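These notes concern the structure reproduced below.
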Amino acid sequence: MQKTHATVVEGMTCGNCALTISKLLEKKGATNISANAASGDVSFSLPEAQDVDVIYDTIDSMGYHVVREGQDGAVADEHAHHDYSTRYLLICAAFTIPLLLHMFISWHWLHNPYVQLALSTPVYAIGMWVFGKSALRSLQHRLPNMDVLIVLGASAAYIYSIIGLVVYTDHAHDYLFFETAASIITLVMLGNWLEHQTVKSTTVAIDALVKLQPQHARIIMTDSVGKETILDVESKYVRAGDVVMVNHGDSVPVDGEIIYGEGQIDEHMITGESVPVHKIIGDAVVGGTLVVDGNIKVRATTVGNSSVLSNIIRMVREAQGTKPPLQKLADKISAIFVPTVAGIALLTIIVNYFFLHHSFAEAMMRAIAVMVISCPCAMGLATPAAVAVGLGRAARNGMLIKGGDTLERLKTIRQIVFDKTGTLTTGKLQVDEFVFDNNIINEADFKSVVASIENHSSHPIAKSVSNQWKNEKQTAFADVKEVKGKGMEARDEQGNLWQLGSEKWLNKDVAKAGYDLYLYKNSEYIGALRITDALRTDAVATINQLKKMGYKTILLSGDKKEKCERLASHLGIDEVYAEHSPEMKNVKLDELLAKAPTAMVGDGINDAPALAKATVGISLSESTQIAIQSANVILSNNQLATLPKAIRLGIYTDQTIKQNLFWAFLYNIIAIPVAAMGMLKPTYGAGIMALSDVVLIINSLRLGIRKISD
């Protein structure tokens, strides 16, 4: 039996770190591994019998820090002061700049070998402290990483220069490469620092969501005589069932239900909706949303890690770590990259010195350039950076996408299947059409009689009719009773018998067929109503937009054929399959999938199997819990119009991943041979390598501003 573990690894700040930890976990027998350099989150599955603390200790031994279960932010703060990367970078830069200046300025003291030794030694020492520990630990665990190449390159240049200074005193300048050793270390540090800073910007959406979580709540305590006392506590101490006070300008501290008052709630960070929503008693509110007007009391229903906001944050973080097939290929290449590059560097020395008859110094510089220019980090970052930005952009626009692999599948979709009730419609019933015999009754009296009878029924259709026609005048009845499975009967004060019910019960006239409710007076036809659930306001525009984008649209519903065909005709949907049970939906989806990659948009329990089976399952946020769990994409703002945006974002994210991987592979394919041929100095190679990751991340950040609406 497998058990899933999730933790945060401090110090895992780049693609190289994430790859190293992934390889370590794989070596220890873990499966379903996800290591996200952008957030530091790591998750994996292990056999229940295996001790996870042993693996955590191994990760710690490699120079990282695993935040164990039960530890909170204080632990992270405790270790945060150990990050001296900025300080080390500034010190190294201060010593390296004078070393590089000697190449451009003829100041005599800068050319003194002992001055160069003095300037380069602190940089080399810091480099060995920063990169050496990581390189040594990775070799101990037989997982060589990029730091091994940095240490080899810088050490070769530094030690060779020391030997030249001691052995060849008279013409030591021919053997001095102190500036190469120092510049390699400093420029790689600069690259790592820039990468860390830019990677942090890819998680801005999650950071904003985390900051939304209110830290304090005002709990209302009521004593035995009904006197209320308000206690200000930390939100984490609120429990389900507690009542909290939320005033104008406050954030709602927990998920709950309004039991007193009303207000305008700003929900844009949860739903993407820019206009505040009016909420009254009985309405649900989400923790983290803002009361922009009004005062309410909320009974907590969901707290802690089960809250909507916590689930959103968890899903986005998990999704960032999910690897599409393209990234898995890049990881496989990166895994053998360091030994391969070390082999190429050795071959470079041999070929240049023994066969091309270059000096040993020149051959060694070319080998150093090969080691320094190589960059598996770029391949490791190509997908996580794009996925992090894409998912963050999605979260800000009312979309939750479960996994980077979902983003990749979205661009393959060719046809989109829609459920009807609750998806294309709101699920709220309304009177769509009504007819009456105006020789017997006028419109006002017809509405009055129907609404007055339905006021006595608890049936959902009756409630919808009553609510829609609640402003009509009331008709007095002496007696009203329900006829089980058929409808309602009422007798007015004049003794007339009114019957309101199903077609099967009352209607015998084929010419008047096709309505849901019929009204009869003393067994005489008076009128009829057609009931339907309200069409979503954005349904027409959404279907039109998808058809413009080239997608085939299909309606797959369990509802009556005539209703489905009428709706499909109104929306312009291409194909209709009505009166399908969940099993039939599953079979039909298999048929559709055999023709082309298919997305399924649904909301109910009956849609869950189809959502799970589809190429991409898409659910609205007000769907049943099982539908949300089965779906790959959740439109968290509950707006159907978000669907075309989600598809475009998937397409654009996939394009960005491919661009990143193309440049990462091309960079190494070109750079390594160029360095081996002596056309690239190690110093320049270190600078280019340092910037390569940043270029990929900047390309990924374009997703954050790229237009995704039509």
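The values are calculated or read from the model by the stated rules, or taken from the named source; none is laboratory data. Since we're looking at a predicted model, the values are computed, not measured. In this analysis, Cβ positions are derived from the backbone assuming ideal geometry, glycine residues included, and neighbour counts consider all displayed protein chains.
Please enumerate the residues belonging to the range 613-650 that are assigned to a helix (DSSP H, G or I), surrounded by fewer than 24 Cβ atoms within 10 Å (Cβ to Cβ) and modelled with pLDDT under 75.
Matches in the range 613-650: 625, 626, 628, 629, 630.
Any residue at all in the range 543-561 that is part of a helix (DSSP H, G or I), assigned by TED's automatic domain parsing to the domain that holds residue 635 and among the hydroxyl-bearing types (Ser, Thr, Tyr)? Show your work before the answer.
Here is the first cut: in the range 543-561, the residues part of a helix (DSSP H, G or I) are 543-548, 561.
Now narrow it down to the ones that are assigned by TED's automatic domain parsing to the domain that holds residue 635: 543-548, 561.
Going one step further and asking which of them are among the hydroxyl-bearing types (Ser, Thr, Tyr), we end up with none.
Scanning the range 543-561 turns up no residue that is part of a helix (DSSP H, G or I), assigned by TED's automatic domain parsing to the domain that holds residue 635 and among the hydroxyl-bearing types (Ser, Thr, Tyr).
Taking only the range 49-72 into account, find how many residues are at pLDDT below 85 and farther than 17 Å from residue 12 by Cβ.
4
When residue 37 is evaluated against the numbered criteria (1) at pLDDT below 85; (2) within 25 Å of residue 387 (Cα to Cα); (3) out of contact with any helix residue (DSSP H, G or I) (no Cβ under 8 Å at 6 or more places or on another chain), which criterion, by number, is the only one it fails?
Failed condition: (3).
Look through the range 282-301, keep the residues that are under 27 Å from the mean Cα position of the chain (by Cα) and farther than 17 Å from residue 267 by Cα, and return whichever of them is surrounded by the most Cβ atoms within 10 Å (Cβ to Cβ).
The extreme case among them is 300.
State whether one or more residues within the range 89-96 are at pLDDT below 85, farther than 18 Å from residue 140 by Cα and either touching a strand residue (DSSP E or B) at 6+ places or on another chain (Cβ under 7 Å) or not aromatic (Phe, Trp, Tyr) (or both).
Taking every residue of the range 89-96 in turn, none turns out to be at pLDDT below 85, farther than 18 Å from residue 140 by Cα and either touching a strand residue (DSSP E or B) at 6+ places or on another chain (Cβ under 7 Å) or not aromatic (Phe, Trp, Tyr) (or both).
Test of understanding: among 499, 430, 468, which residue is in contact with a helix residue (DSSP H, G or I) (Cβ under 7 Å, 6 or more places away or on another chain), closer than 30 Å to residue 568 by Cα, among the polar types (S, T, N, Q) and not assigned by TED's automatic domain parsing to the domain that holds residue 585? Lay out the reasoning, then the answer.
Working: 499 fails: closer than 30 Å to residue 568 by Cα; 468 fails: in contact with a helix residue (DSSP H, G or I) (Cβ under 7 Å, 6 or more places away or on another chain).
Just one listed residue meets the conditions, 430.
Given the residues 367, 361, 382, which is the only one that is modelled with pLDDT of 75 or more, of a type in the set (Gly, Ala, Ser) and buried (at least 24 other Cβ atoms within 10 Å of the Cβ)? First the steps, then the outcome.
Details: 361 fails: buried (at least 24 other Cβ atoms within 10 Å of the Cβ); 382 fails: modelled with pLDDT of 75 or more.
None of the others qualify; the one that does is 367.
Only strands (runs of 3 or more DSSP E) wholly contained in the range 212-262 count here; list those with 1 or more residues that are at pLDDT below 90 and acidic (Asp, Glu).
Numbers: elements: 216-222, 228-234, 243-246.
Ranges flagged: 228-234.
Can you name the number of the only condition in (1) among the polar types (S, T, N, Q); (2) touching a Gly at 6+ places or on another chain (Cβ under 9 Å); (3) within 27 Å of residue 581 (Cα to Cα); (4) buried (at least 20 other Cβ atoms within 10 Å of the Cβ) that residue 557 fails?
(2)
Regarding the range 391-412, can at least one residue be identified that is part of a strand (DSSP E or B), within 24 Å of residue 35 (Cβ to Cβ) and of a type outside the set (Phe, Trp, Tyr)?
The answer is yes; a qualifying residue exists.
Got at least one residue in the range 557-580 being among the aromatic types (Phe, Trp, Tyr), modelled with pLDDT of 85 or more and out of contact with any Leu (no Cβ under 7 Å at 6 or more places or on another chain)? Spell out the reasoning first.
First, pick out the residues of the range 557-580 that are among the aromatic types (Phe, Trp, Tyr): 577.
Still in the list and also modelled with pLDDT of 85 or more: 577.
Within this subset, residues satisfying the condition of being out of contact with any Leu (no Cβ under 7 Å at 6 or more places or on another chain) are none.
Within the range 557-580, none of the residues are among the aromatic types (Phe, Trp, Tyr), modelled with pLDDT of 85 or more and out of contact with any Leu (no Cβ under 7 Å at 6 or more places or on another chain).
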